[in-house]
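The values are calculated or read from the model by the stated rules, or taken from the named source; none is laboratory data. The model shown is predicted, which means the values in this text are computed figures rather than measured ones. Cβ atoms come from the backbone with ideal geometry, glycine included; neighbour counts cover every protein chain shown. Side chains included, ligands, DNA and RNA excluded: accessible areas come from the protein's heavy atoms. Shrake-Rupley method; radii C 1.70, N 1.55, O 1.52, S 1.80 Å.
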Amino acid sequence: MKIKGIVFFFLITLSISHAQSVSISNIYNREYTSLNGQWNYIVDPYENGFYNYRYEPFENQEIPERSAFFTNSKPTSKSDLIEYDFDKMDSITVPSDWNTQKEKLYYYEGSVWYKKSFDYTKKEHSNRVFIYFEASNYKTDVYLNGKKIGQHLGGFTPFNFEVTHLLKEKENFLITKVDNKREKDAVPTLNTDWWNYGGITRDVKIIETSETFISDYFIHLDKENSKKITGYLSLNGTHIIDQEVTVEIPALKIKKRFKTDANGKINIDISASKIKLWSTKNPQVYKVIFTTATDTTTDEIGFRTIATKGADILLNGKKIFLKGISIHEESPITGGRGNSLADSKQLLEWAQELGCNYVRLAHYPHNEHMLRLADKMGILVWEENPVYWTISWDNESTYDNAKNQLSEVIQRDKNRASVIIWSMANETPTTDARNTFLTRLAKYTKEQDPTRLISAALEQSNYEGNPLVRTIHDPFAEVVDILSFNQYIGWYDGTIEKCQTISWNIQYNKPVLISEFGAGAKFGLHGPKEERWNEEYQEYLYEETLKMIDKIDQLSGFSPWILVDFRSPRRLLPEIQDEYNRKGLISEKGEKKKAFYTLQKYYNNKN
Ligand code: GCB
């Protein structure tokens with residue numbers, strides 16, 4: 001390679017790996033132009049549009065060959081050779097997974113290229129423009145008008161790329177390669193118990209901001225004084241210093257002015273003696289308006305405190321029992337990956353009908369509608385990072401990836417009153433490497449958000465070798481604020497009668513949550529309660545488990561597994577599972593099983 005080529009290659013690599021999202025506050029309520037709808041797509045299992053025949057990425061070439069799909073090339077004459085054509089391809093709906101949209105892609109794990117063409121006129125010449133993806137699973141490479149604008153790893157969190165200087169008024173083409181191949185070092189790793197839905201699974205938006213805009217804010221009640229609102233706001237752009245920022249809460253007659261410091265930041269400190277606290281019974285949210293000389297954004301925010309004291313969870317200083325259920329992000333309407341307001345509404349309404357005041361959003365960040373609705377409906381939420389089972393604990397880039405995904409969900413949801421728990425991981429082995437990994441992650445989370453509780457779904461074990469006495473023996477239990485664990489006594493661990501024989505000896509003075517228990521049942525299958533897959537078996541397991549866990553002194557709530565049956569390639573038993581995990585209290589068709597009413601009765605009688 002000539003020197004020029006080497007320098008160019010270096011610059012390209014540098015710019016690609018460093019293309020990073022700029023934080024933009026409150027996308028949910030900002031004006032946007034939607035890029036949802038029909039996109040042309042090319043299924044590319046050999047990544048022919050990405051690598052040349054020497055398996056070198058086209059994007060590393062000084063001038064990428066026209067065979068690179070992101071150049072969107074067309075033959076210039078009848079003798080010209082171009083072996084693809086986006087515009088002659090079929091189209092696919094964005095947002096959605098590809099598996100349930102296209103029969104041929106049901107089991108597909110690999111690369112798919114998407115193309116969308118659009119015109120765009122900025123409102124103001126000086127404004128900035130970003131392409132914002134609410135999520136896309138898993139590895140996403142994005143190109144605008146033939147140039148790479150960035151890459152993102154992770155299937156469940158938002159990211160954006162600034163395109164201010166690449167955007168044209170007419171005939172822009174946005175090309176996105178989405179690759180959902182499972183990889184050992186990824187987060188999650190190769191093995192999960194859910195469907196690896198691929199594609200641009202959430203909305204794509206064009207966001208236009210003023211040159212200097214409100215990039216981030218976090219406001220909440222002061223931990224020590226619930227008559228005081230504290231937090232920060234920061235600007236992004238060239239005029240960030242010494243700018244006036246107004247924070248307004250009209251319903252409380254609050255309007256306070258601040259000046260940004262040398263970093264473009266204000267520290268917010270407002271006394272609010274008349275504030276009505278957000279709670280599950282009264283989910284009061286306030287309209288909060290943030291204004292600068294060039295930008296304004298309006299959010300709806302609830303104010304509450306969450307803490308633990310000994311084995312109690314305190315919401316606004318009062319003890320609360322978390323009556324929960326675990327939920328996967330699968331659409332009760334279309335049957336694929338859930339992404340719409342209607343999907344979220346149905347899932348949370350079922351949870352409320354069950355008597356829940358709390359949901360565990362497993363095993364990855366769900367779409368933002370869930371959190372916005374939970375705020376309005378008064379449902380407390382556990383949010384979870386997809387650190388699941390056996391990821392590469394020793395790999396630094398796996399750690400960075402897990403940390404990045406966690407930082408993106410904290411960034412998106414840190415102003416949501418409903419969110420009370422950040423969960424680091426699910427059912428992970430207690431090795432030294434894992435302990436270090438999770439401890440670092442927890443420390444990082446506390447730095448980002450000291451107002452919420454940290455947990456992880458741990459595993460239980462025998463107490464001093466006695467299989468009839470169960471305990472938590474895990475160094476990470478020292479780190480968490482809430483001690484959560486999954487247990488399947490009566491399903492993977494013996495049969496249901498065993499529940500009566502078990503006692504608990506948990507030696508931590510911390511609130512305990514059972515993050516999972518459950519049994520598989522096929523809706524409509526009836527028979528003796530001792531026979532697996534009958535609705536009666538599941539009902540019986542709930543009855544016995546509820547009696548068993550009630551004996552745990554520190555019990556502060558639970559979230560059984562799971563609200564609705566969900567797709568999993570690990571669940572192959574014909575006529576029963578047929579690729580569904582059947583531990584739902586509701587079938588994928590919306591039919592309620594008997595155990596739904598068992599849990600409902602328990603919750604209705606519980607304060
Ligand atoms: C678990 C996992 C969950 C599985 C569930 C099951 O412990 O956390 O992801 O789906 O068990 O059904 O086996």
Practice prompt. Residues being touching a residue at least 24 places away in the same chain (Cβ under 8 Å) and either touching a His at 6+ places or on another chain (Cβ under 8 Å) or open to solvent by less than 20 Å² (accessible area, probe 1.4 Å) (or both): count how many of those fall in region 510-564.
Written response: 32
Practice prompt. Could you please let me know if S484 is open to solvent by less than 10 Å² (accessible area, probe 1.4 Å) and either within 14 Å of the ligand (Cβ to nearest atom) or more than 26 Å from the chain's Cα centre (by Cα) (or both)?
Written response: yes
Practice prompt. Answer yes or no: is there a residue in region 22-31 that is assigned to a helix (DSSP H, G or I), of a type outside the set (V, I, T), at pLDDT below 95 and surrounded by fewer than 16 Cβ atoms within 10 Å (Cβ to Cβ).
Written response: no
Worksheet, complete the sentence: Listed by first then second residue, the pairs whose first member lies in region 349-368 and is outside any loop (DSSP other than H, G, I, E, B), whose partner is surrounded by fewer than 22 Cβ atoms within 10 Å (Cβ to Cβ) and among the aromatic types (F, W, Y), with beta carbons under 6 Å and at least 6 positions apart or on separate chains, are E368/Y28
Worksheet entry | Close pairs (6 angstrom Cβ cut-off, 6 or more residues apart or separate chains): within 16 Å of the ligand (Cβ to nearest atom) in region 376-396, of a type in the set (F, W, Y) and in a loop (DSSP other than H, G, I, E, B) anywhere | P386/Y364
Worksheet item: Taking region 429-469 as the region of interest, how many residues are within 16 Å of the ligand (Cβ to nearest atom), open to solvent by less than 10 Å² (accessible area, probe 1.4 Å) and either farther than 14 Å from A402 by Cβ or of a type outside the set (D, E, K, R) (or both)?
Response: 5
Discussion item. Consider region 199-227. How many of its residues are among the small types (G, A, S) and closer than 20 Å to N404 by Cβ?
Written reply: 1
Fill in: Residue that is farthest from the ligand (Cβ to nearest atom), among those in region 565-585 that are touching a Pro at 6+ places or on another chain (Cβ under 9 Å) and open to solvent by less than 30 Å² (accessible area, probe 1.4 Å)
L585
Discussion item. Could you list, ordered by first residue, the pairs with Cβ atoms under 9 Å in which the first is in region 182-193 and under 19 Å from Y107 (Cβ atoms) and away from the ligand (no atom under 15 Å from the Cβ) and the second is of a type in the set (A, V, I, L, M) and open to solvent by 70 Å² or more (accessible area, probe 1.4 Å), at least 6 apart or interchain?
Written reply: R182/L190; E183/L190
Discussion item. For region 376-388, check the following and say yes or no: at least one residue is surrounded by fewer than 22 Cβ atoms within 10 Å (Cβ to Cβ) and acidic (D, E).
Written reply: no
Worksheet item: within 16 Å of the ligand (Cβ to nearest atom), more than 31 Å from the chain's Cα centre (by Cα) and crowded, with 16+ Cβ neighbours inside 10 Å - does that describe any residue in region 591-601?
Response: no
Item to complete: Scan region 204-212 and give yes if some residue there is open to solvent by less than 10 Å² (accessible area, probe 1.4 Å), closer than 29 Å to P45 by Cα and assigned to a loop (DSSP other than H, G, I, E, B), otherwise no.
Response: no
Worksheet entry | Test set (1) more than 16 Å from the ligand (Cβ to nearest atom); (2) in contact with a strand residue (DSSP E or B) (Cβ under 8 Å, 6 or more places away or on another chain); (3) not hydroxyl-bearing (S, T, Y) - K168 fails condition number | (2)
Fill in: Filter result for A402 (in a loop (DSSP other than H, G, I, E, B) and either among the polar types (S, T, N, Q) or open to solvent by less than 20 Å² (accessible area, probe 1.4 Å) (or both))
no
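Condition check ((1) among the charged types (D, E, K, R); (2) touching a Ser or Thr at 6+ places or on another chain (Cβ under 6 Å)) across all residues:
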site: F70; (1), (2): no, no
site: P75; (1), (2): no, no
site: L81; (1), (2): no, no
site: D97; (1), (2): yes, yes
site: K102; (1), (2): yes, no
Worksheet item: From the list S77, S91, S73, S96, which one is among the small types (G, A, S), open to solvent by 10 Å² or more (accessible area, probe 1.4 Å) and under 25 Å from R54 (Cβ atoms)?
Response: S73
